[in-house]
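Undergrad: Have a look at this one before I ask anything.
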Amino acid sequence: MNARRLALLAAPAPPAYALHVGLVIALALELLALTVGFDTQSLLRVPSVWALLVGWTPQILRLTTTAALVSFVLAGARQPDVIRSLPWTDASPLRVPALGLHAIALVLFAALSAVVLNARTPFLAHPALWTLAWSAVGVITIVAWGLALFSFSTWRSIARQAQPSIVGGVVAGIVIWASGFLSEALWLSLARYTFNVVAWTLRLFYSGIVSNPQTLTVGTSRFTAIITPQCSGYEGIGLVVAFLSVYLWCFRKELKFPGALVLLPLAGLTAWLVNALRIAALIALGTAGWKDIARGGFHSQAGWIAFNLIALAFVALTMRFRVFRNEAAAPTARAARDDRTTAYLAPFLAITATAMLTGAVSAGFDWLYPMRLVAAAAVLWTFRKTYRTLTWTWSWWPVAIGCVAFVIWLALVPASSTTNAAWPQALQSAPWYWAAAWLACRTAGYVMAAPLAEELAFRGFLTRRLVQADFDRLPLGMFTWASFVISSVLFGLFHGALWLPGTLAGMLFALALYRRGAFGDAVQAHATTNGLLALYAFATGHWWVWS
Amino acid sequence: MHERNLWLSGLAVIALVLSAATPLLASNARAPEIDGSSLSAGLAAVAAGVLVVRARWGSK
């Protein structure tokens, strides 16, 4: 048994607060599952004040979540002593019974929600009774969870000591929540302004454009679009302003205030203008004859491409202009680490960015997938000297770990998934040599490029960057519970709806790395899983397993 | 202490992603400006992009 294996066996015990973090994540996932699983839309048809009350629950949930998150952030920033002094090591005496009660209440709450939120007959017969029972069980579910987290006396102490942060969180939560309603009221006005900018832009390039201010329909004689409130630009404005606010807060010591605050309205205005140009470009694509691309890939991807470009442009502004930059506190002389950061993240970024770009010009099937392979190969070649310093030796252990991840993935991926459902038809419609070439590129990307890029980003970079900023001073495969769990959960979230198999696979690939600190082991495990999934898909035609 | 901060920061990031995912993925809009199904790729790209931009330009 070598030193590295001994080091892994002697890995530090989970920190005392790991259970608390786990409970919070569990509640967040439960809420997410309930939110996605149930919809209050059916209640809109029910002419009852009780249905109206239940219909408002998502708003209460949104308000409570926002207030809790802001209170937590405020307490962490302004009253760290309160968080530090919590009894992390003393288990709540009611933890086990409270957890049991929480589990039972959760199941009951889900069952009641199926009746109440879907407005089924029993609820319609006795709406008051069902609403009260549903609310009571909901409260019991949350209270039991709270008592599993901390004892009642601790909660009372938190309420007393962190009062300023809680009050601040509630006020900020109400303001943020109310601003959501305000923005809804502004949607139509914003849509009108967007309509005017789109019409004005189109007039620069086309004569005789179609423009109906009543229906907000705009376009050319060959292709028109309706500027719905969802397309008016508020989503992009909200996303860009939220991103920049978080960025300004995280790097506040490196920035000059209040000057840097000017960036917020500027970013919002830029997002709105770029959205208007996005709609004009969409109409131009449709007018040129590429209607499927305009309605398909371009419509779904252009918003994200715009958000990424605007966000990165504004981050670059804060880095390059002294008017925003606090020179005294800004970091200097980091060149050596910086090349390593780029080397670890650039392949992942190249694949993700190329996927967005090729997705934007696709009409449902990504024929330009090989571009991802080209982009990844170019970046991997550019930084090849860095990768040569990593350990690349063959071992059967990572192959075995990859096989376990394959079995878990197959067991957890839903068979009803429509992912890749368009593949057979699209490939059959093309000449056989094009279909074969595309499948060869897709397989190479899935089995070689994706494991390399994702392992460099998540295991090579993130597991160490989470421990310290100068990540390359830490040995590869250095274990901490926090970096192991957080990097794996983020890897899972990167897989969207397949977050659970993604998280478990991420944990297994991390374990492959931790075993002897050889980066190649993580790549081997990942490549084995993807290779087996590809083989399985080819053999069975179950393309949905191929994510 | 650093480990505790890491858990808190990680939790905050995961909570932010989930809170962003909920309204976007549940969106009923037929053609939204921001497509909820591309959320993970969009956020991952911007996070990696910010790290690279800061790494490349932060030392100047």
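The values are calculated or read from the model by the stated rules, or taken from the named source; none is laboratory data. No experiment lies behind these values; they were computed from the predicted model shown. Methodologically, a virtual Cβ is constructed for each residue, glycine included, from the backbone with ideal geometry; neighbour enumeration extends over all protein chains shown.
Undergrad: Restricting the stretch B:28-46 to residues that are modelled with pLDDT under 90 and within 17 Å of residue A:241 (Cα to Cα), which is surrounded by the fewest Cβ atoms within 10 Å (Cβ to Cβ)?
TA: B:39
Undergrad: Assess whether residue A:491 counts as being in contact with a helix residue (DSSP H, G or I) (Cβ under 9 Å, 6 or more places away or on another chain), within 13 Å of chain B (Cβ to nearest Cβ) and surrounded by fewer than 21 Cβ atoms within 10 Å (Cβ to Cβ).
TA: The answer is no for residue A:491.
Undergrad: Does any residue of the stretch A:464-479 turn out to be buried (at least 22 other Cβ atoms within 10 Å of the Cβ) and either within 18 Å of residue A:446 (Cα to Cα) or polar (S, T, N, Q) (or both)?
TA: no
Undergrad: I would also like to ask the following. Can you pull out every residue in the stretch A:155-183 that is more than 13 Å from residue A:74 (Cβ to Cβ), in contact (Cβ under 8 Å) with a residue 12 or more places away in the chain and either in contact with a Lys or Arg (Cβ under 8 Å, 6 or more places away or on another chain) or of a type in the set (D, E, K, R) (or both)?
TA: A:177, A:180
Yes/no per residue for (1) in contact with a Phe, Trp or Tyr (Cβ under 6 Å, 6 or more places away or on another chain); (2) in the same structural domain as residue A:374 (by TED's automatic domain parsing); (3) part of a loop (DSSP other than H, G, I, E, B):
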site	(1), (2), (3)
A:452	no, yes, no
A:462	no, yes, no
A:475	no, yes, yes
A:509	no, yes, no
A:521	no, yes, no
A:525	yes, yes, no
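Undergrad: Okay, moving on. What's the number of the only condition in (1) surrounded by fewer than 19 Cβ atoms within 10 Å (Cβ to Cβ); (2) away from every other protein chain (no Cβ under 13 Å); (3) within 30 Å of residue A:188 (Cα to Cα) that residue A:277 fails to meet?
TA: Status for residue A:277: all satisfied but (2).
Undergrad: Please give the helices (runs of 4 or more DSSP H) falling wholly within the stretch A:42-95 in which 3 or more residues are at pLDDT 80 or above and surrounded by 15 or more Cβ atoms within 10 Å (Cβ to Cβ).
TA: A:49-55, A:57-78
Undergrad: Then there's this: Suppose we filter A:274, A:240, A:218, A:246 for residues that are touching a residue at least 12 places away in the same chain (Cβ under 8 Å) and closer than 30 Å to residue A:76 by Cα; which single one remains?
TA: Of the residues listed, the single one that is touching a residue at least 12 places away in the same chain (Cβ under 8 Å) and closer than 30 Å to residue A:76 by Cα is A:240.
Quick grid of which residues meet (1) touching a residue at least 40 places away in the same chain (Cβ under 8 Å); (2) more than 14 Å from chain B (Cβ to nearest Cβ):
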| position | (1), (2) |
| --- | --- |
| A:428 | no, yes |
| A:445 | yes, yes |
| A:458 | yes, no |
| A:468 | no, no |
| A:482 | yes, no |
| A:504 | yes, yes |
| A:515 | yes, yes |
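Undergrad: Also, quick follow-up: Hey, can you tell me all the residues within the stretch A:217-243 that are more than 11 Å from chain B (Cβ to nearest Cβ), buried (at least 17 other Cβ atoms within 10 Å of the Cβ) and within 20 Å of the chain's Cα centre (by Cα)?
TA: none
Undergrad: Can you tell me which residue in the stretch A:250-265 is surrounded by the fewest Cβ atoms within 10 Å (Cβ to Cβ), limited to those that are among the aliphatic types (A, V, I, L, M) and assigned to a helix (DSSP H, G or I)?
TA: A:262
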